[in-house]
Amino acid sequence: MKNIPKAVALHFLENEKDHEIFKDALLTTIETNAPNDARALMVATQFSREKCTAFYHYYCEEKKARIEIRASIKNKLLWNHKSALTKQTLSTTVALAMSRVNIHVLPTQEINLMTNELVRFNSLVNQIAKWVNTYKSDIDAIAVLTQLDELSVRFEDLTESLHKIATSNKSGNVYDNH
């Protein structure tokens, strides 16, 4: 998209409702991992090309926001050293590093439900195993052992499912480099 005159851009940026519309569209693209280039945002906001260009430049290209982080002195020295090596400002170095990292979050609710089910399941199996050990000689104990074996297979399946959720690329509390 081509540049527009600064006076025209400032005129578009005066409308607070348009700011809300653009921010909501930008946030939605971020949350859904959808493309958030100027053309995609123009479609999402239904702004004219010039208006979308003004908002895109303001929100996505100009450095309008400030992020403050707490770090150890060692980490600060390390980041300053990296910045000096690349002949970039500290702000640029950190911004580039942030844009190259994907953070995946575990689906906590699903994992908690599965974990609770596994705990409950394990407790029941232990109770049954205790009963079997108490009444080893009964013929019913053999039937119970057979059922325990089947439950053990199901327990393994649940554990494997939980492991897949925790280690999949789509979810997991993992920091990936592109």
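The values are calculated or read from the model by the stated rules, or taken from the named source; none is laboratory data. The shown structure was predicted, so the numbers you read here are calculated from the model rather than taken from an experiment. All Cβ positions, glycine included, derive from the backbone under ideal geometry; neighbour counts span all protein chains shown.
Restricting attention to segment 61-90, the residues that are at pLDDT below 90 and either part of a helix (DSSP H, G or I) or surrounded by 10 or more Cβ atoms within 10 Å (Cβ to Cβ) (or both) add up to 1. When we screen THR29, THR53 for residues that are outside the structural domain of GLU160 (by TED's automatic domain parsing), part of a helix (DSSP H, G or I), in contact with a Pro (Cβ under 8 Å, 6 or more places away or on another chain) and modelled with pLDDT of 90 or more, the only hit is THR29.
In this structure, PHE47 qualifies as outside any helix (DSSP H, G or I), among the aromatic types (Phe, Trp, Tyr) and more than 25 Å from the chain's Cα centre (by Cα). Looking only at residues of segment 15-32 that are among the hydrophobic types (A, V, I, L, M, F, W, C) and surrounded by fewer than 12 Cβ atoms within 10 Å (Cβ to Cβ), we find that the one that is farthest from PHE55 (Cα to Cα) is ILE30.
Sub-9 Å Cβ pairs linking a first residue in segment 106-123 that is surrounded by 14 or more Cβ atoms within 10 Å (Cβ to Cβ) to a second residue that is modelled with pLDDT of 80 or more and basic (Lys, Arg), at least 6 apart or interchain, are PHE121/ARG154, ordered by first then second residue.
Candidates are the residues of segment 33-49 that are of a type outside the set (A, V, I, L, M, F, W, C) and buried (at least 16 other Cβ atoms within 10 Å of the Cβ); the one that is farthest from GLU14 (Cα to Cα) is ASN36.
Looking at LEU96, is it closer than 26 Å to ILE69 by Cα, in contact with a Ser or Thr (Cβ under 6 Å, 6 or more places away or on another chain) and not hydroxyl-bearing (Ser, Thr, Tyr)? Write out each step before concluding.
Values: closer than 26 Å to ILE69 by Cα: yes; in contact with a Ser or Thr (Cβ under 6 Å, 6 or more places away or on another chain): no; not hydroxyl-bearing (Ser, Thr, Tyr): yes.
Answer is no for this residue.
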